[in-house]
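For reference, the structure is listed below as structure tokens.
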Amino acid sequence: MKRSLFIGILSFTLPCLIADELKREAAPLGIKIQLRDHVIPGPEVEAKPLSKESAIVLRITSVYPHGNSFRYDFEYYGLEAGSFNLIDYLQRKDNKPMTDQLKMLVTFKSSLAPERIRPNPPDDGKLPRFIKYKHLLILGAAFWLIVLLLLILGARKKLKLIGPSIPELLSPAESLRPLVEAARKGKLGKSGQAKLERTLIIFWSQRMDLTNESPSTALSKIKAHPEAAPLFEKLESWFHCPNPEEPSDLDALLKPYCEPKID
Amino acid sequence: MVSYNNHASYIQAIREQVSNVVVGQDEVVERLLIALFTSGHILLQGMPGLAKTLLVNALGKAIHLEFSRIQFTIDLLPSDILGSEILDQASGQFTTHKGPVFTNLLLADEINRAAPKVQGALLEAMQERKVTIGDNTYRLPVPFLVIATQNPIEQSGTFELPEAQLDRFMLCHRLKYPTPVEEEEILTRNLNLGIQKEGGGAVANTEFDIVSDDPVGEPNDLISVIDAVHKIHVSGVFIKHVVELISRTRDHSHIELGASPRAGIALIKGARARALIHGRDYAIPEDLFALAEDVLLHRMRLNYEALAEGMSTIDVLEDILKTMG
């Protein structure tokens, strides 16, 4: 009789005692709070899946057997201000309903003023209204294009400077004509004679298609050519012999090179 | 001994005697003769086994010149070449021991394998034609011709000759492999070298064993040829060609270091000797073109842009010669 009376009083007062135990100071929103060694009578419980309406995020970090019940370590934080029962965010693993008498009350408070529940809108940019960010991007791209063009032009100019030198703008035939004219008139100095000889070598090596041969081989072949041989033989004896004599038939020898168009 | 009054026949006799031992390589023989007749020095660049030593040996014996060979190595000392003073323990006096440089024809084999101080000692002797050992200065024999060789491959462990020292060589000739016909002749000749029996043993003959010890002509013939080379006529037009060629090597956009005035002198000297070898008493542009590569290439250095474009000095020189209008 006495025992049944005691159990009756205990079952009535226990939920109130538990609820009192969980009465805490209101916690700020978003701050994690840990609750350790909390016994929930009955079969094992688990955290309910989160939904859009969830005002609390609750996790069970550890579970320990505790007689016929289980002891739990919780971790939770609030998403909305107000008082909530943690039991509402738990469910039995065996899908049986939770005891209505169980209460684990927690309170959360917001740091914001009650009327300020949304963040401030972003500040307006400092750019003048007529310049938009898109315009700035276009301007930047145009600037870099101009710089790129200048770099390319500069590099091309430099390459032109260091490129192979173009020895003569005139063709060998065109260069020959004034030299031959001067030679026929007897007005060719040593430099002119040297230039005439060299230009004739280039002229003949191009004419005989010997530009791919080594210069030494090309000259040997030119001197073996029936048309070129007499000319070079006479030029050599005129320009290089110890007792040079101007060829008597110089005019005839050089006449072909005075023609308006030389083959 | 036969005395040759005619220079051409004397030169032809030398070439024939050398060709009895060395097949082909006519161009190299001509370059060696040019160096010898003009008191220049020659650097031969070529792969091993191209009969460089045999050629010099045969040439030395044909002209009746003393011949020495030095194999350049990393541990060679200047005194190993020039000579040194040695203390005679019996008399207590220093006696001078002259090195192998005291010869007429000196073959400096693989010159780039020796340390720079050894190269420098030899190159100084080449230029000054005298050597100082201790307190005494000795003149080198006349004629004095250095024929140095360089292997264009295996550059590890070598000391590349700097441009200033390369410039001391009048000619730098690049030896080519023999043609298939010449190669066949070399192999055929090698089959018939035979053996020599000596002191109860026998050994196979080498090409060196068949080099004739009989010189061609007399020592005066060489003097006469050297004298004749100095009388070869060089025209004003020819000098203009040389000046134009040299200045173009300096002004070319791909050249960092052009030919020196010494190169111009070498071109004219070489052209004179070549003219004599070819039976002329005057130099012509053909001599210039023939010798340009050997005289100028080792004196030219390409710039960075040309190297970046993968060009070689021979490309640039050919460009200069082909456009020298």
Residue check, B:G270 more than 9 Å from chain A (Cβ to nearest Cβ), under 18 Å from A:S220 (Cβ atoms) and surrounded by 24 or more Cβ atoms within 10 Å (Cβ to Cβ): yes
Enumeration of residues in the range B:185-217 that are of a type in the set (D, E, K, R) and touching a helix residue (DSSP H, G or I) at 6+ places or on another chain (Cβ under 9 Å): B:R189, B:E207, B:D213, B:D214
Positions within the range B:298-325 being within 20 Å of A:Q193 (Cα to Cα) and open to solvent by less than 30 Å² (accessible area, probe 1.4 Å), in sequence order: B:I320, B:L321, B:M324, B:G325
Exclusive hit being touching a residue at least 60 places away in the same chain (Cβ under 8 Å) and farther than 13 Å from B:L106 by Cα, set B:V29, B:V18, B:V23: B:V23
All strands (runs of 3 or more DSSP E) inside the range B:18-129 with 1 or more residues being outside the structural domain of B:T158 (by TED's automatic domain parsing): none
Residue identified as more than 23 Å from B:G270 (Cα to Cα) and in contact with a strand residue (DSSP E or B) (Cβ under 6 Å, 6 or more places away or on another chain) among B:E198, B:E218, B:E256: B:E256
Members of the range B:137-166 found to be part of a strand (DSSP E or B) and open to solvent by less than 70 Å² (accessible area, probe 1.4 Å), listed by number: B:Y138, B:L145, B:V146, B:I147, B:A148, B:T149, B:Q150
Residue that is most open to solvent (accessible area, probe 1.4 Å), among those in the range B:278-297 that are within 7 Å of chain A (Cβ to nearest Cβ) and in a helix (DSSP H, G or I): B:E286
Pick from the range B:237-255, criterion open to solvent by 10 Å² or more (accessible area, probe 1.4 Å) and under 11 Å from B:V316 (Cα atoms), ranking: nearest to the other protein chains (Cβ to nearest Cβ): B:S253
Selected residue [open to solvent by 50 Å² or more (accessible area, probe 1.4 Å) and within 14 Å of chain A (Cβ to nearest Cβ)] from B:R174, B:R189: B:R174
Failed criterion for B:S260 (all others in (1) under 21 Å from the mean Cα position of the chain (by Cα); (2) among the hydroxyl-bearing types (S, T, Y); (3) farther than 24 Å from B:A290 by Cβ hold): (3)
Subset of the range A:24-65 [more than 49 Å from the chain's Cα centre (by Cα) and open to solvent by 80 Å² or more (accessible area, probe 1.4 Å)]: A:R24, A:E25, A:R36, A:D37, A:P65
Meets criteria (part of a helix (DSSP H, G or I) and within 23 Å of the chain's Cα centre (by Cα)) for B:V237: no
Residue satisfying all of: in the range A:198-219; open to solvent by 30 Å² or more (accessible area, probe 1.4 Å) and either touching a strand residue (DSSP E or B) at 6+ places or on another chain (Cβ under 8 Å) or within 7 Å of chain B (Cβ to nearest Cβ) (or both); farthest from B:E27 (Cα to Cα) among these: A:T211
Condition broken by B:D227, with the remaining ones in (1) within 14 Å of chain A (Cβ to nearest Cβ); (2) open to solvent by 60 Å² or more (accessible area, probe 1.4 Å) satisfied: (1)
Residues of the range A:60-109 satisfying the condition of being of a type in the set (A, V, I, L, M, F, W, C) and in a helix (DSSP H, G or I): A:L86, A:I87
Criterion (of a type in the set (G, A, S) and in contact with a Pro (Cβ under 7 Å, 6 or more places away or on another chain)) met by exactly one of B:A115, B:A121, B:A148: B:A121
Members of the range A:220-244 found to be surrounded by 14 or more Cβ atoms within 10 Å (Cβ to Cβ) and among the polar types (S, T, N, Q), listed by number: A:S220, A:S237
Residue match in the range A:145-166 (condition: in a helix (DSSP H, G or I), open to solvent by less than 80 Å² (accessible area, probe 1.4 Å), at pLDDT below 70 and not aliphatic (A, V, I, L, M)): no
Qualifying residue in the range B:76-83 (condition: open to solvent by less than 60 Å² (accessible area, probe 1.4 Å), touching a residue at least 60 places away in the same chain (Cβ under 8 Å) and touching a Gly at 6+ places or on another chain (Cβ under 8 Å)): no
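The values are calculated or read from the model by the stated rules, or taken from the named source; none is laboratory data. Since the structure is predicted, the reported quantities are computational estimates derived from the model, not experimental observations. As a convention, Cβ positions derive from the backbone with ideal geometry for all residues, glycine included, and neighbour counts pool all protein chains shown. The area values use the complete protein model at the heavy-atom level, side chains included, leaving out ligands, DNA and RNA. Shrake-Rupley method; radii C 1.70, N 1.55, O 1.52, S 1.80 Å.
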